[in-house]
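**Student:** Structure in structure tokens, see below.
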Amino acid sequence: MSQSSRRALRKWGIPKLEYPVTQHLRALLQERLGIDPERRHLEGHEPLPPLPPSQLDEAALQALRQLVGADGLELSDEARARCAAGSTFLDLLQARAGLIGNVPDAVLYPSSEAQLSAILSFCHQETIPVCPVGARSSVTMGVGAPRGGVALDLCRALNRVLEVSPRDHLARVQPGLLGPDYETALASFDLCGGHYPQSFEYSSVGGWIAARGAGQQSTRYGKAEDLLLGLRCVTPTGVVQVAPYERCAMGPDLRQLFAGSEGSLGVLSELSLRVFQRPPCVQPVAFFFKDMEHGVDFVRRWLQEDGIRPAVCRLSDPEETDIALAIDGRAHGFTDKALSKLGYHPGHRVLFIGSCEGDQASARLGALRGTALALRLGGLPLGSHPYRSWEKRRFFDPYLRDALMDRGVLIDTLETTAPWSRLLELWQGVRRSMKARPQTIAMTHISHAYATGANLYFIFISPMQPGAELEDYQSYHSSLLDAIQEYGGALSHHHGVGRLFAPRLAAQLGAGAIRCLKALKAELDPKGIMNPGVLALD
């Protein structure tokens with residue numbers, strides 16, 4: 001396996017890109033975490049150990065080759081390791097330690113729905129586990145093959161835009177299409193998809209739907225399940241098709257049975273998605289509020305009272321606000337002193353950044369109404385600079401995780417959602433659990449808001465326990481999930497469930513809901529071969 005391939009298994013995105021550890025970030029690591037920013041001990045330069053040989057016999061391999069062609073099946077360690085893990089912190093930490101588990105026995109590259117059907121039929125007959133793999137950006141251990149079997153890499157050949165209908169604002173695509181390629185295709189029609197997760201550059205359209213993902217502008221455009229109008233899904237017992245009607249009344253909405261199924265029911269082979277006119281005008285806004293309560297109240301009232309649907313809608317809590325100022329070199333200087341004199345004190349103030357999109361009149365009206373409300377609630381307008389600064393790095397911030405992991409820093413995220421009436425209590429409760437760990441930076445922001453509630457996105461940064469990194473992460477991560485559930489938050493808002501959260505799903509959904517899901521699983525996948533362990537439906 002080449003060095004670049006080994007590194008790609010342990011790092012996010014393009015391996016050659018590095019997040020710059022600036023002077024201000026170095027100071028933060030030393031002062032807040034006691035970390036030597038020059039020390040690197042978890043980069044994972046050592047070669048990965050050889051993988052165990054494939055457990056599929058020659059007869060099965062030969063049958064699979066006949067279905068996909070000689071070039072459509074790989075047995076190399078590199079191909080199998082690539083499909084053994086996604087981008088979960090635990091995945092990358094294990095890879096840096098030279099631990100590659102959940103390895104498939106073979107990797108297949110189907111190029112048509114007919115091939116998918118034939119593969120699943122054969123694997124069903126032979127009881128061979130099947131694990132669909134997209135762009136591998138899952139952060140909930142949704143990628144991997146805990147029982148071996150075959151991995152279906154959907155991005156090599158099932159990655160086309162099949163049709164774009166500007167009149168219907170509809171696009172038909174294959175699941176392995178990456179976000180940038182999707183947007184490029186839509187741009188030629190003056191359209192956009194409206195879905196821009198932080199993983200946009202390295203995630204697939206099928207993955208968005210399979211995990212019920214959210215983009216950074218989903219407050220305006222909707223989450224992945226809101227964009228889904230129709231689909232085709234290949235299951236071990238046949239193909240399920242749902243026509244792309246905007247609204248219909250023909251029984252339960254079958255689309256939503258497959259959105260969020262994470263490959264546990266079958267493989268999405270075709271998706272019909274809602275698309276939008278590209279906005280000619282983007283009007284940024286940014287404000288400081290004196291505390292979290294005023295900031296949350298602003299977001300809630302802007303969505304409820306004005307009926308405005310901003311595109312970007314982000315509120316950082318006091319610690320995240322102060323950390324952002326420190327990294328930008330604005331803390332303890334003129335900016336900080338001026339803010340304090342105006343009553344926006346460190347440890348209390350919060351930063352909101354947002355944008356309104358559309359034609360010039362509607363975008364400006366949304367921004368003006370937001371500004372008027374912010375002023376009534378004691379907000380301090382900041383112009384467009386905070387938004388523009390965030391926009392430049394919106395897809396680059398994930399690289400920070402790699403830079404800090406190299407230096408022995410525990411850094412990861414959790415996200416949840418709750419109604420407005422419980423949001424502040426949830427934030428405070430989970431934050432207490434985060435801060436119970438010594439030397440921990442605990443940041444939170446709202447990034448997706450609705451008339452009835454919002455999400456909370458938690459980021460924790462802390463020194464790892466040397467020599468016990470895996471156990472340390474698992475214990476701390478579990479304690480935070482306990483807190484989220486204790487204070488009434490959803491197990492996940494947009495990252496999905498995967499295998500990381502699966503053991504907690506039954507307690508969250510209830511016995512009746514789990515019975516329904518298991519009955520559906522038994523009908524579509526009676527031998528339980530599809531993505532074993534995901535959603536704990538086996």
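**Student:** Between the stretch 459-501 and the stretch 308-367, how far is it from one alpha carbon centroid to the other, in angstrom?
**Tutor:** Using only Cα atoms, the two centres lie 28 Å from each other.
**Student:** Below 8 Å between Cα atoms, with a sequence gap of 6+, how large is the relative contact order for the chain in percent? Mind dumping the intermediate values first?
**Tutor:** On the way: 1091 pairs, mean separation 90.7, N = 538.
Across the chain, relative contact order equals 17 percent.
**Student:** Based on the alpha carbon coordinates of the stretch 259-366, what radius of gyration and maximum Cα-Cα distance (Dmax) apply, in Å?
**Tutor:** Rg and Dmax of the stretch 259-366, Cα atoms, are 18.9, 59 Å.
**Student:** Cα convex hull of the stretch 183-331: mean projected area in nm², to one decimal? Show your work: numbers first, answer last.
**Tutor:** Values: hull surface 49.5 nm².
It is 12.4 nm².
**Student:** In nm, to one decimal, how far is the modelled label at Ser384 from the one at Thr335, with both set 7 Å along Cα→Cβ?
**Tutor:** About 1.8 nm, to one decimal.
**Student:** Still on this model: Ratio of the stretch 391-538's C-alpha Rg to 2.2 N^0.38 Å, to two decimals? Present the calculation step by step, with values, prior to reporting the outcome.
**Tutor:** Numbers: Rg = 17.3 Å, N = 148, 2.2 N^0.38 = 14.7 Å.
Against the compact-globule rule of thumb, the ratio is 1.17.
**Student:** What percent of all Cα-Cα pairs in the stretch 379-419 falls into each 5 Å bin, going from 0 up to the bin containing the maximum distance?
**Tutor:** Going from the shortest bin to the longest, the percentages are 5, 16, 15, 15, 18, 19, 9, 3.
**Student:** Give me a comma-separated list of calculated 3J(HN,Hα) values for the stretch 371-376, in order, Karplus coefficients 6.51, -1.76, 1.60 applied at θ = phi - 60°, integers in Hz, x for any Gly or Pro.
**Tutor:** After applying 6.51 cos²θ - 1.76 cosθ + 1.60, I find 5, 4, 5, 4, 4, 5 Hz.
**Student:** Amide H neighbours of Val312 under 5 Å, counting only residues 5+ apart in sequence or on other chains, H built in-plane at 1.01 Å?
**Tutor:** So Val312 has HN proximity to Ser355.
**Student:** Could you sort Tyr202, Tyr457 by accessible area so the largest value comes first, with the probe set to 1.4 Å? Mind dumping the intermediate values first?
**Tutor:** Values: Tyr202 50, Tyr457 30 Å².
Order by accessible area, largest first: Tyr202, Tyr457.
**Student:** Which one, Ala210, Phe396, Phe287, is farthest towards the positive end of the dipole of the chain when Lys and Arg carry +1 and Asp and Glu -1 on their Cβ?
**Tutor:** Phe287
**Student:** Return the carbon/sulfur percentage of the accessible area of the chain, one whole number, probe 1.4 Å, all protein chains in place. Present the calculation step by step, with values, prior to reporting the outcome.
**Tutor:** On the way: 11610 of 21910 Å².
The nonpolar share, carbon plus sulfur, comes to 53 percent.
**Student:** Now, a different point. Gln66 versus Ala361, label points 7 Å from Cα toward the beta carbon: distance in nm?
**Tutor:** Once both label points are built, they end up 6.6 nm from each other.
**Student:** Then there's this: Return the calculated 222 nm mean residue ellipticity for the chain, to the nearest 500 deg cm²/dmol, obtained by summing -39500 (n - 2.57) across DSSP H runs with n ≥ 4 and dividing by the residue count. Intermediate values should be presented prior to the final figure.
**Tutor:** On the way: 21 runs with 206 residues, N = 538.
The per-residue figure over the chain is -11000 deg cm²/dmol.
**Student:** Of all alpha-carbon pairs in the stretch 232-308, indicate the percentage at a distance above 18 angstrom. Show your work: numbers first, answer last.
**Tutor:** Details: 1899 of 2926 pairs.
So the portion of pairs separated by more than 18 Å is 65 percent.
**Student:** Another question about this same structure. Take the residue pairs Lys341/Lys435; Lys11/Lys392; Lys223/Lys435 and return only those whose Cα atoms are more than 23 Å apart. Display every interim value, and only then the final one.
**Tutor:** Details: Lys341/Lys435 28 Å; Lys11/Lys392 21 Å; Lys223/Lys435 31 Å.
Violating the 23 Å Cα-Cα cut-off are Lys341/Lys435; Lys223/Lys435.
**Student:** Can you tell me the length gained on complete extension of the stretch Leu99 to His24, counting 0.36 nm per residue apart and subtracting the Cα distance? Don't jump to the answer; show the numbers that get you there.
**Tutor:** Values: separation 75, 0.36 × 75 = 27.00 nm, distance 3.37 nm.
Full extension from Leu99 to His24 adds 23.6 nm.
**Student:** Let me cross-check Glu523: its accessible surface, 1.4 Å probe, with only protein heavy atoms counted, in Å² to the nearest 10?
**Tutor:** Per-residue accessible area (Glu523): approximately 130 Å².
**Student:** In what order, largest first, do His169, His345 sit by accessible area if the probe radius is 1.4 Å? Provide the component values of the computation, followed by the final result.
**Tutor:** Working: His169 60, His345 85 Å².
Sorted descending by solvent-accessible area, the residues read His345, His169.
**Student:** For the Cα atoms of the chain, what angle does the longest principal axis make with the long axis of helix 58-68, in degrees from 0 to 90, nearest 10?
**Tutor:** Once rounded, the angle reads 70 degrees.
**Student:** Let me ask something else. Taking θ = phi - 60°, what integer Hz values does the Karplus form 6.51 cos²θ - 1.76 cosθ + 1.60 yield along the stretch 398-408, in sequence order, with x for Gly and Pro?
**Tutor:** Going residue by residue, I get x, 5, 4, 4, 5, 4, 7, 4, 3, 9, x Hz, with x marking Gly and Pro.
**Student:** Any idea what % of Cα-Cα pairs in the stretch 73-163 are farther than 15 Å? Before the final figure, lay out each step's value.
**Tutor:** Numbers: 2426 of 4095 pairs.
Result for the distance tail: 59 percent.
**Student:** Report, by chain and number, residues whose modeled amide H sits under 5 Å from the one on Leu410, excluding near sequence neighbours (fewer than 5 apart, same chain).
**Tutor:** For Leu410, whose amide H was placed from the backbone, the distant partners under 5 Å are Ser462, Met464.
**Student:** Taking a ≥ b ≥ c as the square roots of the Cα gyration tensor eigenvalues, with a/c under 1.5 meaning rounded and otherwise prolate when a/b beats b/c, else oblate, which class fits the stretch 190-266? Could the numbers behind the result be given before it?
**Tutor:** Details: a/c = 2.22, a/b = 1.40, b/c = 1.58.
Cα axes put the stretch 190-266 in the oblate bin.
**Student:** Where the centre of each part is set by its Cα atoms, how far does the stretch 406-420 sit from the stretch 271-293, in angstrom?
**Tutor:** Comparing the Cα centres of the stretch 406-420 and the stretch 271-293, I get a distance of 23 Å.
**Student:** Return the sequence-ordered ³J(HN,Hα) values of the stretch 99-111 in whole Hz as given by the Karplus equation 6.51 cos²θ - 1.76 cosθ + 1.60 applied to θ = phi - 60°, using x for Gly and Pro.
**Tutor:** Going residue by residue, I get 10, 10, x, 6, 8, x, 7, 7, 10, 10, 10, x, 10 Hz, with x marking Gly and Pro.
**Student:** Then there's this: With a 1.4 Å probe and all protein chains kept in place, how do His494, His24 rank by accessible area, largest first?
**Tutor:** Details: His494 25, His24 80 Å².
My answer, sorted largest first, is His24, His494.
**Student:** Could you pull the Rg and Dmax for the stretch 350-435, using just the Cα atoms, both in Å?
**Tutor:** Computed over the Cα atoms of the stretch 350-435, radius of gyration and Dmax are 17.4, 50 Å.
**Student:** Next question, about the same structure. Positive end of the dipole of the chain, charges at C-beta (+1 Lys, Arg; -1 Asp, Glu), about the Cα centre: which of Gln360, Thr127, Leu73 has its Cα farthest in that direction?
**Tutor:** Positive-most Cα among the choices belongs to Gln360.
**Student:** Further question: Can you work out the FRET efficiency for the pair Met250 and Asp190, with r the C-beta to C-beta distance and R0 = 35 Å, to the nearest 0.05?
**Tutor:** Values: r = 33 Å, r/R0 = 0.95.
Plugging the Cβ-Cβ distance into 1/(1 + (r/R0)^6) gives 0.60.
**Student:** In whole angstrom, how far apart do the alpha carbon centroids of the stretch 149-217 and the stretch 109-127 sit?
**Tutor:** Value for the Cα centre distance between the two parts: 23 Å.
**Student:** Over the chain, how many percent of alpha carbon pairs lie in each 20 Å bin up to the one with the longest distance?
**Tutor:** Spelled out per bin, shortest first, that is 21, 55, 23, 1.
**Student:** Solvent-accessible area per residue for the chain at a 1.4 Å probe radius, Å²?
**Tutor:** Ligands and nucleic acids excluded, the result is 41 Å² per residue.
**Student:** Also: Would you mind working out the magnitude of the charge dipole of the stretch 383-538 relative to its Cα centre, with +1 at each Lys and Arg C-beta and -1 at each Asp and Glu C-beta, to the nearest 20 Debye?
**Tutor:** Working: 17 positive and 15 negative charges, 66 e Å.
It works out to roughly 320 debye.
**Student:** Oh, and also: Give me the dipole magnitude in Debye, nearest 20, for the chain about the Cα centre, with unit charges on the beta carbon: positive for Lys and Arg, negative for Asp and Glu.
**Tutor:** On the way: 56 positive and 57 negative charges, 227 e Å.
My answer is approximately 1080 debye.
**Student:** Here's something else I'd like to know. Work out the length of the dipole vector of the stretch 340-454 about its Cα centre, built from +1 on the beta-carbon of each Lys and Arg and -1 on the beta-carbon of each Asp and Glu, and round it to the nearest 20 debye.
**Tutor:** Roughly 440 debye, rounded to the nearest 20.
The values are calculated or read from the model by the stated rules, or taken from the named source; none is laboratory data. Just so it is clear, the model here is predicted, and its values are computed rather than measured. Every residue, glycine among them, receives a Cβ derived from its backbone with ideal geometry; neighbour counts consider all protein chains shown. With ligands, DNA and RNA removed, areas are computed over all heavy atoms of the protein, side chains included. Shrake-Rupley method; radii C 1.70, N 1.55, O 1.52, S 1.80 Å.
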